[in-house]
Amino acid sequence: MPERALVIVPTYNERENIQRLIESVLAQDPRLDVLVVDDGSPDGTGAIVSGIGATNPRVHLHSRPRKMGLGTAYIAGFRWALQREYAYIFEMDADFSHDPAHLPQFLEAVTGADLVLGSRYREGKVTVVNWPITRLLLSYFANVYARAVTGLPLWDATGGFKCFRRAVLESIDLDRVHSNGYAFQIEMSFRAWKKGFRLIEIPIVFVDRTEGQSKMSRSIVREAVWMVWRLRFSSITGRLEPPRGRQPALGVGQG
Ligand SMILES: Nc1nc2c(ncn2[C@@H]2O[C@H](COP(=O)(O)OP(=O)(O)OP(=O)(O)O)[C@@H](O)[C@H]2O)c(=O)[nH]1
Ligand SMILES: [Mg+2]
């Protein structure tokens, strides 16, 4: 049986995007399933997904009662995936900033890596379309800052288009992941990197959303500003988690 992959899509009010997005994802590769983690969207996004799931076994919905943030939505999705037989687990936005046409490139790249990251700034080349210059500069320099503080060798550490090999998620203690916004993306990659997994970046073209509303906020930026320092110091003091190979004998997951 071919190895299956799950694309986790967190949603909050993505009615205008979700159906078209699901169709487009499924058309990219027969190995792909979709899990939408919807936070009780008042616009009825969840109902649209459960309607599609009723007739299509490749589409799943995990509903949460209220808006609880992107990071915890992904953690819930990761747990859902690990309870099932998925070899690869994706993170992807619902708003078409992440073009489903890139999915086959991730599946190809993950054959030689443990975590594949869609990168908007690889080798200093910017592949972002339609962002106001202020937002681009904020994002670009946030990445320069995150790289300087954490040492994480990535051009784009805040991006949210990713593919994890199952073993990576099994080896990270998901209870200890605390951040929720952009910092969540940095934290997951940092933990994978510190464990000695192979990270690679593939270039993606990132296009600003055209439908629906942004959930970006000042608090998301603030969280990232201090979280990188927390990651740096918890890694120095050994409080992060042991790298692979130094796990306690009874540790589960990655050997
Ligand atoms: N389940 C869940 N999904 C969320 C939450 N916040 C954002 N999302 C979803 O996460 C994805 C990324 O959020 P966006 O609002 O696009 O954030 P962004 O890409 O930084 O900002 P814009 O592209 O400008 O809107 C989208 O699919 C959102 O619907 C949340 O609290 N819970
Ligand atoms: Mg977006």
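The values are calculated or read from the model by the stated rules, or taken from the named source; none is laboratory data. Every value quoted in this text rests on a predicted model; they were computed, and no experiment measured them. In this analysis, Cβ positions are derived from the backbone assuming ideal geometry, glycine residues included, and neighbour counts consider all displayed protein chains. In case anyone asks, the SASA skips ligands and DNA or RNA and just uses the protein heavy atoms, side chains included. Shrake-Rupley method; radii C 1.70, N 1.55, O 1.52, S 1.80 Å.
Values as computed for the structure displayed
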item: Enumeration of residues in region 107-126 that are open to solvent by 40 Å² or more (accessible area, probe 1.4 Å) and touching a residue at least 60 places away in the same chain (Cβ under 8 Å); result: GLY112, ARG122, LYS125
item: Total residues in region 50-67, condition surrounded by 16 or more Cβ atoms within 10 Å (Cβ to Cβ) and either aliphatic (A, V, I, L, M) or modelled with pLDDT under 95 (or both); result: 3
item: Those helices (runs of 4 or more DSSP H) lying entirely in region 115-208 with at least 3 residues within 20 Å of ARG222 (Cβ to Cβ); result: 133-150, 182-194
item: Single residue of SER139, SER97 found to be within 16 Å of ligand 2 (Cβ to nearest atom) and under 15 Å from the mean Cα position of the chain (by Cα); result: SER97
item: Residue count for region 21-54, restricted to those that are under 21 Å from ALA101 (Cβ atoms) and out of contact with any Ser or Thr (no Cβ under 7 Å at 6 or more places or on another chain); result: 16
item: Test for SER235: is it surrounded by 14 or more Cβ atoms within 10 Å (Cβ to Cβ) and either modelled with pLDDT of 80 or more or within 16 Å of ligand 2 (Cβ to nearest atom) (or both); result: yes
item: Near pairs, Cβ below 7 angstrom, 6+ apart or cross-chain, from region 1-26 (within 18 Å of GLY69 (Cα to Cα)) to any residue that is open to solvent by 90 Å² or more (accessible area, probe 1.4 Å); result: TYR12/LYS67; ASN13/PRO42; ASN13/GLN213
item: Restricting region 194-214 to residues that are closer than 15 Å to ASP95 by Cα and surrounded by fewer than 15 Cβ atoms within 10 Å (Cβ to Cβ), the residue that is nearest to ligand 2 (Cβ to nearest atom); result: SER214
item: ILE202 vs. criteria within 14 Å of ligand 1 (Cβ to nearest atom), of a type outside the set (Ser, Thr, Tyr) and in contact (Cβ under 8 Å) with a residue 24 or more places away in the chain; result: no
item: Filtered residue count, region 6-36, keeping only those that are hydroxyl-bearing (Ser, Thr, Tyr), within 15 Å of ligand 2 (Cβ to nearest atom) and open to solvent by 10 Å² or more (accessible area, probe 1.4 Å); result: 1
item: Scan of region 85-106 for residues that are in contact with an Asp or Glu (Cβ under 9 Å, 6 or more places away or on another chain) and surrounded by fewer than 19 Cβ atoms within 10 Å (Cβ to Cβ), ordered by number; result: GLU85, ALA87, PRO104
